[in-house]
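J.: My structure is below; once you've seen it, I'll send some questions.
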């Protein structure tokens, strides 16, 4: 992890970029007030996080500010904090779209500590892949996968350390999962990369976008249709080229 001075500098840089000076000052005052009142912001799903980790013998809970991650590349500023995804029944999420997991790959962009990979791995996907640009988080995800005590039906599960916008997607039907992993700059690159893939692809694409902060980029994309929208998540689909 970066040292304290670097973490503070990074947090200030990102706050100024996303909130501006006045917004950053207001945010700092709110945080100070919460600290003085003795109440740090809590993850709303902390109990579910702890239960998941105890049940399956892993370490996936917690929140890690994006500025604290060990990424030296200048692109770090486009990332988001690590926040564990609440337990999801992927079978229920995917059911309305009649997707056959055995013919599809599942890719989690910004997989963090790997919780979503474990949950997706309970379905018989041909491949489950996580992409994570923090080496520390990627290593934790690999350790979690090795110690996970839950069901594992996917043919293979692996973690790739790298930039999500430069990831080479596997062939075949594809499910792309994201939990607000980065800002609009990188999200647009992901949209563009998947557009290029789908131009000639004879395979389906489903995008599961949880905490869809940048949903407007997907709504404006000319190669996908919106299949489901809510404040919790959105689903976009691209039909195969025939």
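The values are calculated or read from the model by the stated rules, or taken from the named source; none is laboratory data. For clarity, every value in this text was computed on a predicted model and none was experimentally measured. Glycine gets a Cβ as well: all are built from the backbone with ideal geometry, and neighbour counts include every protein chain shown.
J.: Does residue 204 fit the bill of being in contact with a strand residue (DSSP E or B) (Cβ under 7 Å, 6 or more places away or on another chain) and in contact (Cβ under 8 Å) with a residue 12 or more places away in the chain?
T.: Considered against the rule, which asks whether it is in contact with a strand residue (DSSP E or B) (Cβ under 7 Å, 6 or more places away or on another chain) and in contact (Cβ under 8 Å) with a residue 12 or more places away in the chain, residue 204 comes out as yes.
J.: Any residue that is within 18 Å of residue 158 (Cβ to Cβ) and in a helix (DSSP H, G or I) - is there at least one of those in region 66-74?
T.: No - not one qualifying residue is present in region 66-74.
J.: Test residue 241 against the criterion of being in contact (Cβ under 8 Å) with a residue 24 or more places away in the chain and within 19 Å of the chain's Cα centre (by Cα), and give yes or no.
T.: no
J.: What do you reckon, is residue 110 at positive phi, touching a residue at least 12 places away in the same chain (Cβ under 8 Å) and crowded, with 20+ Cβ neighbours inside 10 Å?
T.: yes
J.: Something else: Restricting region 120-140 to residues that are touching a helix residue (DSSP H, G or I) at 6+ places or on another chain (Cβ under 6 Å) and under 28 Å from residue 68 (Cα atoms), which is surrounded by the most Cβ atoms within 10 Å (Cβ to Cβ)?
T.: 128
J.: Continuing with the same structure: Hey, does region 61-70 have a residue that's surrounded by fewer than 20 Cβ atoms within 10 Å (Cβ to Cβ), without any contact (Cβ under 8 Å) to a residue 40 or more places away in the chain and closer than 30 Å to residue 204 by Cα?
T.: no
J.: How many residues, within region 222-242, are assigned to a loop (DSSP other than H, G, I, E, B) and closer than 19 Å to residue 179 by Cβ?
T.: Residues flagged as assigned to a loop (DSSP other than H, G, I, E, B) and closer than 19 Å to residue 179 by Cβ within region 222-242 amount to 4.
J.: Moving on. Tell me yes or no: at least one residue of region 188-208 is loosely packed, with under 13 Cβ neighbours inside 10 Å and part of a strand (DSSP E or B).
T.: Scanning region 188-208 turns up no residue that is loosely packed, with under 13 Cβ neighbours inside 10 Å and part of a strand (DSSP E or B).
J.: Pull up region 144-178, narrow it to residues that are in a helix (DSSP H, G or I) and without any contact (Cβ under 8 Å) to a residue 60 or more places away in the chain, then point me to the one that is surrounded by the fewest Cβ atoms within 10 Å (Cβ to Cβ).
T.: 146
J.: Can you pull out the residues in region 47-86 that are out of contact with any strand residue (DSSP E or B) (no Cβ under 7 Å at 6 or more places or on another chain), farther than 18 Å from residue 139 by Cβ and at pLDDT below 90?
T.: 47, 48, 49, 50, 65, 67, 74, 75, 77, 86
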